[in-house]
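Notes for the one structure printed next.
The values are calculated or read from the model by the stated rules, or taken from the named source; none is laboratory data. Please read these numbers as outputs of a predicted model, since none were measured by experiment. For neighbour counting, all protein chains shown are included, and Cβ atoms are generated from backbone atoms with ideal geometry for every residue, glycine included.
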Amino acid sequence: MARGKSSRYDAVDGLLLLNKPPGMTSNRALQTVRRLLNARKAGHTGSLDPSATGMLPLCFGEATKVCAFLLDADKTYRVTARLGTATDTGDADGSETVATAAVPELSFDAWNDVLQEFLGESMQVPPMYSALKKDGKRLYELARKGEIVEREPRKIRIDEIRLLEAAGTRLVFRVTCSKGTYVRTLVEDIAKRAGTVAHTVRLHRESVGDFRAEDMLDLASIEASVDADRDGFRAGLLGPDVALTGFPAVELEMSEGERFSGGQAVRVAADAGTGLARVYEAGSRFLGVGELSGDGWLAPRRVFLPQEKTP
């Protein structure tokens with residue numbers, strides 16, 4: 001945005017759960033909705049590959065302050081894999097087939113047993129076609145030049161993995177995993193464990209943290225709603241605290257709320273606990289994120305402009 005032109009945009013605050021369409025980068029999806037809402041400030045959390053679909057939380061205005069917390073959230077995907085063929089990118093966008101192999105004739109239960117071996121924590125090597133950086137350059141930039149560099153394995157966690165379909169070369173499963181998990185690599189590792197190769201054909205993110213799939217909106221619905229009543233649609237955006245329901249709530253009296261919003265630590269009940277918490281003023285206004293010390297103090301970590309608390 002050019003300096004001095006911010007007045008063209010409006011101060012829109014809130015969250016929107018976009019059902020990202022295929023063939024669109026996460027940033028392009030964000031900018032498309034941002035223009036529709038005429039929002040001054042916007043950000044997204046947890047990028048999806050261009051070919052992937054599903055939940056992409058978009059944050060506007062004050063709600064962009066929760067982006068860092070959403071990046072740590074667990075995610076659930078519905079995955080469709082094609083067995084017997086591996087691509088250079090690990091998905092259907094690959095420009096070339098890099099390996100083929102026979103597909104073992106395993107029963108549904110046998111395939112499910114293979115999947116269950118991936119439960120829990122493990123170390124995963126990120127794919128070359130990823131946005132991670134090596135010596136200041138994106139790995140996918142190096143991969144497009146035919147360069148392969150060593151990547152450090154990273155700890156991931158699979159909380160749940162459930163087989164939905166296993167027929168011929170088609171494998172469909174649902175997986176709930178920690179941040180930083182590359183599903184394309186998981187598909188390749190599953191195939192390798194079964195004695196074959198594979199690539200991801202379709203990836204759909206069903207949830208991020210505690211957000212519900214039924215609250216997602218597609219671009220067509222957003223466009224129609226904005227055309228009908230843009231102000232009304234913007235007023236109906238989710239409050240930023242909706243993204244933080246995993247944190248306990250702490251309520252402050254008005255005078256304490258003012259001090260908290262001013263960046264000062266405040267006294268709370270000695271048994272309030274420890275860790276991050278959602279902070280409200282007098283049970284109605286969301287003030288931000290604080291950290292409980294365990295000894296009766298609450299320190300501000302992310303202060304928000306006061307907004308009405310989401311019921």
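You will find that of Glu121, Glu206, the residue that is within 19 Å of Met55 (Cβ to Cβ), modelled with pLDDT of 95 or more and not in a helix (DSSP H, G or I) is Glu206 and no other. Could you please give the count of residues in the range 234-290 that are out of contact with any Lys or Arg (no Cβ under 8 Å at 6 or more places or on another chain), of a type outside the set (Gly, Ala, Ser) and more than 19 Å from Phe211 (Cα to Cα)? Qualifying residue count, the range 234-290: 15. For the range 122-181, the set of residues classified as surrounded by 15 or more Cβ atoms within 10 Å (Cβ to Cβ), more than 14 Å from Thr76 (Cα to Cα) and among the polar types (S, T, N, Q) consists of Ser122, Gln124, Ser130, listed by residue number.
Residues of the range 203-244 that are under 20 Å from Val172 (Cβ atoms) and either in contact with a Phe, Trp or Tyr (Cβ under 7 Å, 6 or more places away or on another chain) or surrounded by fewer than 17 Cβ atoms within 10 Å (Cβ to Cβ) (or both): Leu203, His204, Arg205, Glu206, Ala213.
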